[in-house]
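A.B. asks: I am attaching a structure below and will ask some questions about it afterwards.
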Amino acid sequence: MTSGYVLSDEVLDHKINEPAYPKKSSYKAEKSLNDLDLFTKGQPVDFYKELRDNAPIYFHDPMPTDPEPGYWVLTRHEDIKYVSMNPKIFSSQYATGNLLTLGTEENRHPKLFKSTIDHMLNLDGEMHLGLRKEHMPFFKPGYVEELQKKVSIKVGQLLDQIAPLGECNLVKEVSQQLPIYTLSEILGIPEADRQKLVSWMEFLELAQYFAVEQIKQQNEGITDSSPDPAMIDLFNSMVDEMFDYGKHILLKKRKNPENDLLSAIANAKIEGEELTQEFLDGSWLLIVFAGNDTTRNTISGGIKLLHDNQDQKELLIKNPDYLPNFINETIRCVSPVIHMRRTSLEETEINGQRIGPYEKIALWYGAANRDPEIFDDPDRFNILRENSDKHLAFGIGRHTCLGKPVALMQLKEFYLQFLARFPDFEMSGEWKVAPNNFVHAIQEMPIKFLPKS
Ligand code: HEM
C-alpha cells in the first residue's frame, strides 16, 4: 500500500455546528425526510411542496445514525443551484459532498464507511479537478459514440431475451443488466465477472436501510427484528467481496494498464502521489454505484411514467423525435439521485437565511425539479415541456455528473428499441422501491406485452 492522501482521516475530525443564527421560518413539519419508508412510494413530492411553500430553507432533525446536529433542507431550484455553483463557500470536502450522515464507525461496515468518503465526489479545488480529469477521456463524445454501437447491440439482445416471455420483471431482465454492461465496457471488467456487479448493487441499495435499522434497534433496545442477522451477514460478505474484487482488479491494472477507466483510476495521482488503497476503494465504490444505479432506476422510472400517462406514451410512440425531450422530462420527474450534501465554510446567507460556518446543507434534487418557479405545472409529466432540460438531477457546477453523456446515450438506445418493439406494454403489478432517501431505488417493475417469437 502506498502512503499518501486519505480524506476519511481528516473528515472524521471535522465538527459540524448547530445553526448559528435564528431560523427564518418557525414551521415544524410532521413528516420527516429521515423516514426511509416515505421513499418507498416514489419521491415524496407533496412533502417537498409543503417544505418549499412553508420553509424553503428548513432546519431538519438529524438522521438516527447521525452524531452531528441536523441539516438545512433546500427545496428551491434557485437555492440548490446557488449552493452547487459556489464550491468555495459550500464545500464537498470538509464533511463530504454526498453523505447526509457520517454515522459512527462502529455502526458501519468498516470498508464501506471509509470508501463512501475517499473519492472525488468529496474533494474540492485542484485535487478534485485533477482526479476528474483522469476520468474525462471515457466520457468524451468520440468515446461515447463508439460505445453507443455496442450498447445498441446489447439492448437488442436483452430485448430478444424477453420478447417470447410476454411478461417480466424489467429491473431484473433489462434495467439492471444494461448499465452493468455499459459500465463494464468503460471500466474494462471481463465478461465472466459482470454478473457479480448486479448482486453487489442490489445489496448496496439496501445499505442505508441496514445501517438505520441497526441503530434504531440499538437505541430502542430491540434484539429480535428485521433486518434478520443472516441478511446482515450476507450483506457484509457481499460488500467484502465487492471490495476484494475492486482491489484485485485495480492493482492488476496498475501493473498492466490497458485502455480503460480502471487503468486510468489505478494510475491516477493526487498531489503527485499514487492513490492510496483507501482512495482506490472509494473510487471503485463511486464509479460502480454512480454508473449503475442511476441509469438503472431511470430506465424503470420512465416505464412507470409512460404507463401512468397513456396520452404521453401514445404521443411518443407516434413521434420518436420527441425522445430526447422525453428523456429529459423523465430524468426531471424520476430524479434518481435524491440528494447531495455540502458544508458551509464561512458566514453566509441562502435566500435570506443566515448560516454560520460548518453547517450541513442538503440539496433535494427531486424538490428542485418540481419547483413551480421554474417548471410550469411541475407535477405533470409532459414530454413536450420546453425547459425540461433545466432539471438539476445531474447536479450543476464542478461536480456535475461526469457520466451524463453515457446515461443519456443508454436511455435513448433503450427507449428507442423498447417502444418500437413493445408499444403495447403495460405494468402488470405493483412496483417495489427500496427504503432509501439517497437513491430512488426501483427493485421490481413487472410488465406485460404481446409475446413475440
Ligand atoms: C440518469 C443517470 C444519472 C444521474 C441522474 C446522475 C446524477 C449525479 C449527481 C446528482 C451527481 C453529483 C453532483 C453534485 O454533487 O453536484 C453525480 C456525480 C457523478 N456521476 Fe452521475 N448520474 C447519472 C449517471 C452516471 C453514470 C452513467 C456515470 C458513470 C458511468 C456517473 C458517474 C458520476 C461520477 C463519477 C460523479 C462524480 C463527479 C464529480 O465529483 O466530479 N453518473 N451524478
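Every number here is computed from the coordinates shown, using simple stated rules; none is lab data. Quick caveat: nothing in here was measured; it's all calculated off a predicted structure. Ideal geometry is used to build each Cβ from the backbone, glycine not excepted, and the neighbour counts take in all protein chains shown.
A.B. asks: What's the FRET efficiency of D308 with K269 using the Cβ-Cβ distance as r and R₀ = 45 Å, to the nearest 0.05?
C.D. replies: Details: r = 48 Å, r/R0 = 1.07.
FRET efficiency, D308 to K269: 0.40.
A.B. asks: Take the range 240-336, drop everything but the C-alpha atoms, weight them equally and run the Debye formula without solvent; then report log10 I(q)/I(0) at 0.11, 0.14, 0.23 Å⁻¹ to two decimals.
C.D. replies: Reported log10 I(q)/I(0), two decimals: -0.53, -0.67, -1.08.
A.B. asks: Kirkwood hydrodynamic radius (Cα pairs, Å) of the range 139-184?
C.D. replies: Details: mean 1/r = 0.0873 Å⁻¹.
11.5 Å is the Kirkwood radius here.
A.B. asks: Any chance you could get the radius of gyration and Dmax over the Cα atoms of the range 21-112, in Å?
C.D. replies: Cα radius of gyration and Dmax of the range 21-112 are 14.6, 40 Å respectively.
A.B. asks: If a helix is a whole DSSP H run, which ones in the chain reach 24 Å or further along their own axis (Cα) and hold a mean Kyte-Doolittle hydropathy of at least -0.5? Spell out each step's value before the answer.
C.D. replies: Working: long enough: 141-162 (31 Å, -0.19); 229-255 (39 Å, -0.27); 277-308 (46 Å, 0.06); 404-421 (26 Å, 0.27).
Membrane-span-like by this criterion, though nothing is claimed about a membrane: 141-162, 229-255, 277-308, 404-421.
A.B. asks: Now, a different point. May I ask you to derive the relative contact order of the range 7-448, considering only C-alpha pairs under 8 Å and at least 6 residues apart, and to give it as an integer percent? Please list the in-between numbers first.
C.D. replies: Working: 696 pairs, mean separation 121.5, N = 442.
That works out to 27 percent.
A.B. asks: Positive end of the dipole of the chain, charges at C-beta (+1 Lys, Arg; -1 Asp, Glu), about the Cα centre: which of L99, T65, V174 has its Cα farthest in that direction?
C.D. replies: V174
A.B. asks: For the pairs K313/K360; K41/K360; K88/K269; K172/K255, flag any whose C-alpha to C-alpha distance is greater than 29 Å. Walk me through the numbers on the way to the answer.
C.D. replies: Details: K313/K360 41 Å; K41/K360 27 Å; K88/K269 23 Å; K172/K255 35 Å.
Going by Cα-Cα distance, K313/K360; K172/K255 fall outside the 29 Å limit.
A.B. asks: Among the DSSP beta bridges whose two residues both lie in the range 7-448, what percent are antiparallel, rounded to the nearest 5?
C.D. replies: On the way: 24 of 28 bridges.
DSSP beta bridges in the range 7-448 are roughly 85 percent antiparallel.
A.B. asks: Under 8 Å for C-alpha pairs, at least 6 residues apart: give me the relative contact order for the range 86-129, rounded to a whole percent.
C.D. replies: Values: 27 pairs, mean separation 22.2, N = 44.
Relative contact order comes out at 50 percent.
A.B. asks: While we're looking at this one, here's another question. Evaluate the charge dipole of the chain about its Cα centre and quote only its size in Debye, nearest 20, assuming +1 on the Cβ of each Lys and Arg and -1 on the Cβ of each Asp and Glu. Don't skip to the end; give the middle numbers.
C.D. replies: Numbers: 50 positive and 68 negative charges, 220 e Å.
So the dipole magnitude of the chain works out to roughly 1060 debye.
A.B. asks: Same structure, new question: Output ³J(HN,Hα) for the range 353-359: one whole-Hz value per residue in order, computed from phi by the Karplus curve 6.51 cos²θ - 1.76 cosθ + 1.60 with θ = phi - 60°, and x for Gly and Pro.
C.D. replies: Those phi angles translate into 8, 6, 9, x, x, 6, 9 Hz.
A.B. asks: Still on this structure: Once every DSSP H run of n ≥ 4 in the chain is given -39500 (n - 2.57) and the sum is divided by its residues, what mean residue ellipticity at 222 nm do you get, rounded to the nearest 500 deg cm²/dmol? Numbers along the way, then the final one.
C.D. replies: On the way: 16 runs with 207 residues, N = 453.
Calculated mean residue ellipticity at 222 nm is -14500 deg cm²/dmol.
A.B. asks: Quick one: which residues, 5 or more positions from V433 or on another chain, have an amide H under 5 Å from its amide H? H modelled 1.01 Å from N in the peptide plane, none for Pro or chain starts.
C.D. replies: Residues meeting the criterion, in which the H sits 1.01 Å from N, are Q443.
A.B. asks: Taking the Kirkwood radius as the inverse of the mean 1/r across Cα pairs, report the Rg/Rh of the chain.
C.D. replies: Values: Rg = 21.5 Å, Rh = 22.7 Å.
Reported Rg/Rh, Kirkwood definition of Rh: 0.95.
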